[in-house]
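**Student:** Take this structure first; my questions come after.
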Amino acid sequence: MLDPKLLRETPELVKASQRARGADEGLVDAWHAADSNWRSLNTKYDLIRAEQKNLSKAIGPLQGKLKGGDSAVQDELAQLMQKATALADELTQLAVDRDAAEAAANKIMGGFANIVDADAPVGGEDDFKIIETIGTPRDFKAAGFEPKDHIELGELLGAIDIERGAKVSGSRFYYLTGVGALLELALVRMAMDFATKWGFTAVIPPALVRPQAMEGTGFLGQAAVDVYHLPADDLYLVGTSEVPLAAFHMDEILDGRDLPLRYAGFSPCFRREAGSHGKDTKGIIRVHWFDKVELFAFCDPKDAAAEHAKFLEFEKEFLTALELPFRVLDIATGDLGMSAIRKFDCEAWIPSQSAYREVTSTSNCTTFQSRRLRIRSKVSEGAEYVSTLNGTLMASTRTIVALLENHQQADGSVKVPKALIPHLGMEVLTPVAKRI
């Protein structure tokens with residue numbers, strides 16, 4: 001949610017941000033009209049309420065004079081009582097109109113995305129800026145063999161069973177078996193070890209949340225089509241543990257001296273992938289369920305940009321430890337999520353596709369989510385909303401795809417990166433004689 005002061009004092013800034021996102025800038029004028037109506041009704045309500053209080057003060061003394069039987073007093077009192085009744089009726093209607101006007105303004109406010117960072121590239125999905133490229137993709141031709149894709153490698157290793165996943169759950173589902181299951185567990189443990197080393201508190205949050213948590217993080221706006229909802233319970237399956245981590249301190253006032261508060265959440269993630277028809281229909285790159293380790297922080301707004309830079313460095317360190325070639329992107333304004341003002345993606349090289357594909361992402365959401373979730377921190381002059389940041393450290397399926405394809409050998413075996421060996425307990429993944 002935006003700061004109403006921002007909309008009232010700098011409407012052109014908000015319009016420019018909406019244009020950069022490819023969003024409706026007409027929302028600004030619509031909100032101004034609704035806000036003006038609400039403020040006008042609110043002012044009128046306060047004036048009549050004050051008049052009502054003054055009238056009550058006048059009625060009291062007159063009621064004390066009724067014992068004398070003065071007809072003039074009785075007439076005056078009757079007139080005042082009649083006026084008091086009329087004011088009460090008017091106040092009741094004004095309260096209804098005022099609340100409706102406030103609800104209308106709030107509904108429009110809920111449609112605004114966060115104000116984009118001035119340094120973010122302007123444009124759509126393909127207008128990202130490449131910040132840097134780390135590592136060099138392997139020359140498989142020089143190595144004397146054609147790289148297999150993760151589907152074939154998964155079958156050879158007895159690690160991935162897509163056929164049975166589809167049989168049991170439908171398309172875009174899968175089983176991780178044998179070394180595939182062990183590989184995910186090892187990656188989770190390695191990610192959590194890295195995160196705790198960096199000062200994050202490990203968390204296993206609920207994967208089902210109430211509407212206010214989903215709405216508060218901005219996932220019932222443009223991303224609602226990808227969300228799974230359980231109507232009977234009015235609960236949502238999370239698409240990322242960003243949601244329960246952000247809502248962890250909902251309706252709280254934090255001690256500013258404790259900031260930043262950093263959490264690393266491990267959870268299953270569920271996504272409909274409603275807008276991805278025909279994209280990555282084979283394999284486990286784009287699926288309806290996967291597990292993920294997500295970094296999250298609450299910090300002082302003035303430190304948010306620096307914290308965002310740290311999140312990116314954390315992700316780069318993790319991918320480098322996995323010995324994966326990757327590039328870092330500054331995502332364009334039209335491809336940002338509703339809550340983010342700026343987002344950096346890390347894309348790992350996928351040999352079978354001869355392309356880089358997203359494996360991690362980190363976003364600076366400033367105070368957009370904390371306003372919705374009512375999370376503030378104590379400061380010397382009162383309380384202010386905190387900034388929130390999130391970042392994927394390890395998304396199980398895509399990380400496994402990148403590892404298998406980049407570290408494969410000619411015989412179908414896969415070398416395990418040195419940093420992962422202590423968590424997996426093996427140096428090489430070898431093909432199995434028979435699939436389960």
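The values are calculated or read from the model by the stated rules, or taken from the named source; none is laboratory data. Keep in mind that this is a model prediction, so the values were computed, not measured. Reconstructed Cβ throughout: ideal geometry from the backbone, glycine too, with neighbour counts over all protein chains shown.
**Student:** Suppose the filter is surrounded by 21 or more Cβ atoms within 10 Å (Cβ to Cβ) and under 16 Å from the mean Cα position of the chain (by Cα); does A332 pass it?
**Tutor:** No, not satisfied.
**Student:** Of the residues A202, A142, A166, A159, which is under 28 Å from the mean Cα position of the chain (by Cα) and of a type in the set (G, A, S)?
**Tutor:** Of A202, A142, A166, A159, the one residue that is under 28 Å from the mean Cα position of the chain (by Cα) and of a type in the set (G, A, S) is A202.
**Student:** Examine segment 413-420 for a residue that is touching a strand residue (DSSP E or B) at 6+ places or on another chain (Cβ under 6 Å), touching a residue at least 24 places away in the same chain (Cβ under 8 Å) and not small (G, A, S), and state whether such a residue exists.
**Tutor:** Yes.
This table checks each residue for (1) of a type in the set (A, V, I, L, M, F, W, C); (2) in contact with a Lys or Arg (Cβ under 7 Å, 6 or more places away or on another chain); (3) in the same structural domain as L324 (by TED's automatic domain parsing); (4) assigned to a helix (DSSP H, G or I).
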residue	(1), (2), (3), (4)
Q82	no, no, no, yes
L87	yes, no, no, yes
D99	no, no, no, yes
L156	yes, no, yes, yes
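**Student:** Within segment 362-414, track down each residue that is of a type in the set (G, A, S) and over 13 Å from F298 (Cα atoms).
**Tutor:** Within segment 362-414, S380, G382, A383, A395, S396, A402, A410, G412, S413 qualify.
**Student:** For segment 166-194, which residues satisfy the criterion of being of a type in the set (D, E) and either crowded, with 19+ Cβ neighbours inside 10 Å or under 19 Å from F270 (Cβ atoms) (or both)?
**Tutor:** Selection gives E184 alone.
The rows are residues; the columns are (1) of a type in the set (A, V, I, L, M); (2) touching an Asp or Glu at 6+ places or on another chain (Cβ under 6 Å); (3) assigned to a helix (DSSP H, G or I).
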{"site": "I115", "(1), (2), (3)": "yes, no, no"}
{"site": "D126", "(1), (2), (3)": "no, no, no"}
{"site": "R138", "(1), (2), (3)": "no, no, no"}
{"site": "I151", "(1), (2), (3)": "yes, no, yes"}
{"site": "G165", "(1), (2), (3)": "no, no, yes"}
{"site": "F173", "(1), (2), (3)": "no, no, no"}
{"site": "V188", "(1), (2), (3)": "yes, no, yes"}
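**Student:** Within the bounds of segment 318-340, is there any residue that is of a type in the set (S, T, Y), in contact with an Asp or Glu (Cβ under 8 Å, 6 or more places away or on another chain) and over 26 Å from D226 (Cα atoms)?
**Tutor:** The answer is no; no qualifying residue exists.
**Student:** Tally the residues that are at pLDDT 95 or above and more than 25 Å from A355 (Cβ to Cβ), restricting the search to segment 420-436.
**Tutor:** Going through segment 420-436 one residue at a time, the tally reaches 10.
**Student:** When the residues of segment 337-366 are narrowed to those that are over 23 Å from E313 (Cβ atoms) and polar (S, T, N, Q), which ends up surrounded by the most Cβ atoms within 10 Å (Cβ to Cβ)?
**Tutor:** The residue in question is S352.
**Student:** Let me ask you something else. Return the residue satisfying two criteria in turn: it lies in segment 133-159 and is loosely packed, with under 13 Cβ neighbours inside 10 Å and of a type in the set (A, V, I, L, M), and of such residues it is farthest from T177 (Cα to Cα).
**Tutor:** Step by step, filter segment 133-159, then rank; the result is A142.
**Student:** Kindly list the number of the only condition in (1) at pLDDT 95 or above; (2) in contact with a Leu (Cβ under 8 Å, 6 or more places away or on another chain) that fails for A113.
**Tutor:** Exception for A113: condition (1).
**Student:** Which condition number in (1) of a type in the set (S, T, N, Q); (2) touching a Pro at 6+ places or on another chain (Cβ under 7 Å); (3) under 21 Å from A247 (Cβ atoms) is the one that S377 fails?
**Tutor:** Going through the list (1) of a type in the set (S, T, N, Q); (2) touching a Pro at 6+ places or on another chain (Cβ under 7 Å); (3) under 21 Å from A247 (Cβ atoms), S377 breaks only (2).
**Student:** Considering each residue of segment 357-403, count those that are charged (D, E, K, R), under 15 Å from N114 (Cα atoms) and part of a strand (DSSP E or B), and give that number.
**Tutor:** Pass one, segment 357-403, residues charged (D, E, K, R): 357-358, 371-372, 374, 376, 378, 381, 384, 398.
Checking which are under 15 Å from N114 (Cα atoms) leaves us with 371-372.
Narrowing further to those that are part of a strand (DSSP E or B): none.
Matching residues across segment 357-403 total 0.
**Student:** Among (1) over 27 Å from K279 (Cα atoms); (2) touching a residue at least 60 places away in the same chain (Cβ under 8 Å), which single condition is A142 missing?
**Tutor:** (2)
**Student:** Related question: Is it the case that segment 273-292 has a residue that's touching a Gly at 6+ places or on another chain (Cβ under 6 Å) and not β-branched (V, I, T)?
**Tutor:** Looking for residues that are touching a Gly at 6+ places or on another chain (Cβ under 6 Å) and not β-branched (V, I, T), one finds none in segment 273-292, hence no.
**Student:** Additional query: Suppose we filter segment 170-199 for residues that are over 27 Å from the mean Cα position of the chain (by Cα) and aromatic (F, W, Y); how many remain?
**Tutor:** 1
**Student:** Filtering segment 195-253 down to residues that are β-branched (V, I, T), outside any helix (DSSP H, G or I) and free of Cβ contacts under 8 Å to residues at least 40 places away in the same chain, which residue is surrounded by the fewest Cβ atoms within 10 Å (Cβ to Cβ)?
**Tutor:** Our first condition is that a residue be β-branched (V, I, T); within segment 195-253, this holds for 196, 201, 203-204, 209, 217, 225, 227, 238, 240, 243, 253.
Imposing the further condition that a residue be outside any helix (DSSP H, G or I) reduces the set to 201, 203-204, 209, 217, 227, 238, 240, 253.
Those still in the list that are free of Cβ contacts under 8 Å to residues at least 40 places away in the same chain too: 209, 238.
Values: V209: 22, V238: 30.
Result: V209.
**Student:** Which ones in segment 115-154 are among the charged types (D, E, K, R) and more than 18 Å from Q353 (Cβ to Cβ)? Step through it out loud before you land on a result.
**Tutor:** At the first step, the residues of segment 115-154 found to be among the charged types (D, E, K, R) are 117, 119, 125-127, 129, 132, 138-139, 141, 146, 148-149, 152.
Selection gives D117, D119, D127, K129, E132.
**Student:** Determine which single condition Q409 fails, assuming it passes every other condition in (1) buried (at least 20 other Cβ atoms within 10 Å of the Cβ); (2) farther than 18 Å from L261 by Cα.
**Tutor:** (1)
**Student:** Return yes or no: is P301 in contact (Cβ under 8 Å) with a residue 12 or more places away in the chain and under 27 Å from M109 (Cβ atoms)?
**Tutor:** yes
**Student:** Whether any residue in segment 343-356 is in a helix (DSSP H, G or I), under 23 Å from the mean Cα position of the chain (by Cα), among the basic types (K, R) and modelled with pLDDT of 95 or more is what I want to check.
**Tutor:** no
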